[in-house]
Amino acid sequence: WRRKELTDIRYLLENASGNRTRQEAMTRAGIALLYGHWEGFVKAVAETYLEFVYMQRCKNSELADNMLAIVLRSKLHDAAASTKIGPSVTVVEFFRTRLEDRTILPYKKVVRTEANLSSSVFMEILRTLGLDTAAYEPKCHLIDNRLLAKRNHIAHGSALDVEPDDYRELHDEVLGLITLFRNQVENAAVTRKYLQPA
């Protein structure tokens, strides 16, 4: 549905050729929608993947390091924030007695886009999921300057002129990123990348 909606707005832009005012409105709306779908897709897919991992009923000892870190994150945070020994003992007890238990992997509110899915925030999400970041590194400038910065200008009411050709290119790039991320998550699920390597 995201791809269809983005294709529809691109179609409306193409039909607005010859009407400069309408083209400007469509490109501005298109950029806001591109960003919204990019952020929404990343968050939804990442949370769905974590829910999928949770539903595999793995043991804590079987999880890849990044997944075990998600399981332990709140316990480690409590231990680091406390001056008392109790929270630290809880972490030690987990490693001594809970490694063979079925994992209770949190999957809601783990992925944070911080309402501005910059390349650095996205890279952190990839690392959280245990996914390779290399394919996205050449796209950091595009994410930060051509997508996020323009979306912020538009969302905050600044006048920003975007040429239709620039929008079309950005549209193709963002759809490519969405496809790449989807494929990477699907591959991680199929190859069981969420588990410790054998």
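The values are calculated or read from the model by the stated rules, or taken from the named source; none is laboratory data. This one's a predicted model, so the numbers in the text were calculated from it and none came from an experiment. Cβ placement follows ideal geometry from the backbone for every residue including glycine, while neighbour counts extend to all protein chains displayed. Accessible surface areas use protein heavy atoms only, side chains included; no ligands, DNA or RNA. Shrake-Rupley method; radii C 1.70, N 1.55, O 1.52, S 1.80 Å.
Scanning the stretch 1-15 for residues that are open to solvent by 30 Å² or more (accessible area, probe 1.4 Å), in a helix (DSSP H, G or I) and not acidic (Asp, Glu) yields Arg2, Arg3, Lys4, Thr7, Arg10, Tyr11, Leu12, Asn15. Against the test of being open to solvent by 40 Å² or more (accessible area, probe 1.4 Å) and under 29 Å from Ala198 (Cβ atoms), the options Asp65, Asp78 yield a single qualifying residue, Asp65. The C-beta contact set for the stretch 29-56 (first residue closer than 15 Å to Ser119 by Cα and open to solvent by less than 10 Å² (accessible area, probe 1.4 Å), second residue in a helix (DSSP H, G or I) and charged (D, E, K, R), distance under 7 angstrom, 6+ apart or interchain) comprises Tyr35/Arg151. Taking first residues from the stretch 114-133 that are modelled with pLDDT of 95 or more and partners that are open to solvent by 60 Å² or more (accessible area, probe 1.4 Å), the Cβ contacts under 6 Å between residues at least 6 apart in sequence or on separate chains come to Val121/Glu114; Gly130/Lys193.
Scanning the stretch 16-35 for residues that are under 26 Å from Gly130 (Cβ atoms) and in a helix (DSSP H, G or I) turns up at least one hit.
Across the stretch 152-198, the number of residues qualifying as farther than 30 Å from Thr21 by Cβ, touching a Ser or Thr at 6+ places or on another chain (Cβ under 9 Å) and surrounded by 16 or more Cβ atoms within 10 Å (Cβ to Cβ) comes to 1. The number of residues in the stretch 89-117 being open to solvent by 20 Å² or more (accessible area, probe 1.4 Å) and of a type in the set (Ser, Thr, Tyr) comes to 3. Considering every residue within the stretch 97-106, establish whether at least one is free of Cβ contacts under 8 Å to residues at least 24 places away in the same chain and under 19 Å from Val174 (Cβ atoms). No, that holds for no residue.
Could you list all residues from the stretch 149-180 that are farther than 15 Å from Tyr35 by Cα and of a type in the set (A, V, I, L, M, F, W, C)? Once the filter is applied, which keeps residues that are farther than 15 Å from Tyr35 by Cα and of a type in the set (A, V, I, L, M, F, W, C), the stretch 149-180 yields Ala159, Leu160, Leu180. For Arg146, the stated conditions hold: it is in contact (Cβ under 8 Å) with a residue 12 or more places away in the chain and surrounded by 14 or more Cβ atoms within 10 Å (Cβ to Cβ). When each of Arg146, Arg73 is tested for being closer than 25 Å to Ala32 by Cα and out of contact with any Cys (no Cβ under 9 Å at 6 or more places or on another chain), the lone residue that passes is Arg146. Checking each residue in the stretch 126-141 for being over 14 Å from Asp65 (Cβ atoms) and either open to solvent by less than 20 Å² (accessible area, probe 1.4 Å) or among the aliphatic types (A, V, I, L, M) (or both) picks out Leu126, Ala134, Ala135, Tyr136. Whether a residue is small (Gly, Ala, Ser), under 18 Å from the mean Cα position of the chain (by Cα) and modelled with pLDDT of 95 or more was assessed, and Ala188 passes this test. Gly157 meets the conditions (1) of a type outside the set (S, T, N, Q); (2) touching a residue at least 60 places away in the same chain (Cβ under 8 Å); (3) closer than 15 Å to Ala29 by Cα in every case but one. The failed one is (2).
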